[in-house]
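The values are calculated or read from the model by the stated rules, or taken from the named source; none is laboratory data. Computed from a predicted structure; not experimentally measured. We place every Cβ from the backbone using ideal geometry, glycine too, and count neighbours over all the protein chains shown.
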Amino acid sequence: MLSMSPALYNIRTGRPLTGLRGILSGAELIAEHSAAAMEGRMDHILLLLDHKENRHLLAEWLGQQYQVTLADAGLALDRPFDLGILDGPALDRLWEQVQARKEAEQPVFLPFLLVASRRDVDLIARHLGRTVDELILTPIEKLELQGRVELLLRARRLSLELQTEAIAQLRASEERYHAISELISDYAYAFRVTPEGELRGEWLTESFTRAFGFTQAEVQARGSWRGMVHPDDMPIALEHVKRVVSGQVDVCELRFVTRTGEARWIRDYARPVWDEAQGRVVRIFGAAQDITERKRAEEALRRAHREWEDIFQAIGQPTLILDPQHNVIAANRAAARATGRSEKELQGRKCYEVFHGTSRPPEGCPLEKMLLSGQLETVEMEMEALGGTFLVSCTPVLDDEGRLQKVIHIATDITERKRLEHEAAERHLYLENVLACVPDAIVTLDAQHNVLEWNP
């Protein structure tokens with residue numbers, strides 16, 4: 001569930017926002033939106049969140065200033081809208097439709113905003129920068145949400161404006177584009193394209209010089225953009241330029257090297273200007289976001305996931321990750337060896353099918369007990385499919401809102417221990433019977449001459 005606490009994160013920096021930091025104040029955003037409404041333009045937001053309570057809460061917040069549609073099915077993506085907002089479950093279902101809709105809108109920018117929790121590591125790494133354009137981590141502050149929504153809508157309006165303007169209008173409004181692009185991105189630039197296909201820099205925003213340490217003249221002296229690109233990313237850069245010079249709008253992620261030698265990641269959005277008379281691209285406008293911190297955060301998430309996977313696979317006992325319905329989500333190598341099935345073959349099966357060969361949970365099932373108690377449950381039980389006695393534990397894994405998300409199921413083979421315990425008990429009983437049959441008195445003393453036991 002969403003809550004009103006200050007935890008909005010900027011996709012470009014990975015740091016929490018404590019305000020819009022000079023980009024636009026809340027009052028300026030509201031004023032701009034009010035002016036747009038007076039012109040008869042009402043921005044349309046499509047809410048695709050699966051979480052009903054969050055969906056209705058966002059609708060209440062945003063419906064005061066925008067036209068809001070609540071979507072219960074993927075068919076809503078066929079409707080006209082200016083911004084889509086999804087949560088993790090909705091993105092998992094609809095990511096292909098979202099990508100198709102974004103591609104259909106090209107060259108116009110259609111933004112999507114993802115509302116996610118810190119636990120959605122795989123989802124964020126998979127879709128951030130590809131399917132969705134911005135990320136907000138829950139819990140969310142209302143004012144920051146409104147600010148980020150308006151910034152995305154602003155970029156949408158600019159994209160629509162650039163698409164519908166003629167080349168002459170674009171040239172006349174270059175100064176205005178320069179100013180706006182600096183507001184909605186970290187860096188902005190313009191290139192003139194020669195008849196030979198070479199790019200000649202026309203202008204760069206001062207923010208680029210501050211970040212990378214090179215003026216436009218110094219960039220040109222270093223061989224233009226080629227002198228800025230990290231050597232490992234040159235193939236990406238060349239393909240990017242090739243597509244834009246051919247007349248396509250293109251987005252890519254690559255590294256530029258600063259004057260001090262630091263490699264910084266940028267996400268570059270480039271739009272060509274086509275001259276009908278010359279039959280070619282004559283100018284390129286672009287805006288770039290510094291995504292270095294986001295890339296570092298993604299790498300940290302991937303590293304944490306790899307470390308968790310290494311630990312999971314290193315557990316010597318058969319270990320499963322289950323959903324609350326007993327379905328196997330993941331299995332370690334020990335589980336694969338014990339069952340004779342591959343990890344992939346185990347996924348999707350019921351745990352009781354795998355370990356007990358039954359169609360329902362066995363009596364005393366620790367998962368069933370855990371669902372009732374809400375805490376760790378451990379049970380000794382026979383696992384018929386494995387041919388032994390096991391100590392089975394089920395540990396609940398909860399999400400940020402305290403709801404059961406997954407279950408860690410570990411089965412420790414105690415067959416040998418139980419056999420030894422049984423043998424020891426039988427031997428003890430045998431000795432007791434022998435002693436009972438001896439006619440002489442037998443007494444066992446400790447070192448202090450205390451009587452420990454005696455026969456009858």
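What pairs can you find where one residue is in the stretch 340-359 and without any contact (Cβ under 8 Å) to a residue 40 or more places away in the chain, the other is aromatic (F, W, Y), and their Cβ atoms are less than 8 Å apart, with a gap of 6+ or different chains?
Pairs found: T358/Y352; S359/Y352.
Mind listing just one residue for me: the one in the stretch 258-311 that is buried (at least 16 other Cβ atoms within 10 Å of the Cβ) and among the aromatic types (F, W, Y) and, of those, farthest from L158 (Cα to Cα)?
Among those residues, the one meeting the criterion is W265.
Quick one: which strands (runs of 3 or more DSSP E) lie wholly within the stretch 381-456 and hold at least 3 residues that are closer than 30 Å to R118 by Cβ, out of contact with any Asp or Glu (no Cβ under 7 Å at 6 or more places or on another chain) and modelled with pLDDT of 75 or more? Even if it seems obvious, please write down each step before you answer.
Working: elements: 388-398, 404-413, 443-445, 451-454.
By residue number, 388-398, 404-413.
Of all residues in the stretch 212-242, which are in a loop (DSSP other than H, G, I, E, B) and either touching a residue at least 12 places away in the same chain (Cβ under 8 Å) or touching a Pro at 6+ places or on another chain (Cβ under 7 Å) (or both)? Write out each step before concluding.
Going residue by residue through the stretch 212-242, those that are in a loop (DSSP other than H, G, I, E, B) are 213-215, 222-223, 228, 230.
Correct list: G213, F214, M228, H230.
So which residues in the stretch 147-157 are modelled with pLDDT under 85 and surrounded by fewer than 20 Cβ atoms within 10 Å (Cβ to Cβ)? Reasoning before the result, please.
Of all residues in the stretch 147-157, those modelled with pLDDT under 85 come to 147-148.
If the condition is that a residue be modelled with pLDDT under 85 and surrounded by fewer than 20 Cβ atoms within 10 Å (Cβ to Cβ), then no residue fits.
Yes or no, residue by residue, for (1) in a strand (DSSP E or B); (2) closer than 17 Å to R210 by Cα; (3) within 28 Å of the chain's Cα centre (by Cα); (4) in contact (Cβ under 8 Å) with a residue 12 or more places away in the chain:
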position: V244; (1), (2), (3), (4): no, no, no, yes
position: E253; (1), (2), (3), (4): yes, no, yes, yes
position: T260; (1), (2), (3), (4): no, yes, no, yes
position: R264; (1), (2), (3), (4): yes, yes, yes, yes
position: A270; (1), (2), (3), (4): yes, no, yes, yes
position: V273; (1), (2), (3), (4): yes, no, no, yes
position: I284; (1), (2), (3), (4): yes, no, no, yes
position: A287; (1), (2), (3), (4): yes, yes, yes, yes
position: A297; (1), (2), (3), (4): no, no, yes, yes
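In this structure, does T209 turn out to be surrounded by fewer than 17 Cβ atoms within 10 Å (Cβ to Cβ), of a type in the set (V, I, T) and not in a helix (DSSP H, G or I)? It would help to see each step written out before you state the result.
Values: surrounded by fewer than 17 Cβ atoms within 10 Å (Cβ to Cβ): yes; of a type in the set (V, I, T): yes; not in a helix (DSSP H, G or I): no.
In short, no.
Determine whether V121 is modelled with pLDDT under 80 and outside the structural domain of A190 (by TED's automatic domain parsing).
Numbers: modelled with pLDDT under 80: yes; outside the structural domain of A190 (by TED's automatic domain parsing): yes.
In short, yes.
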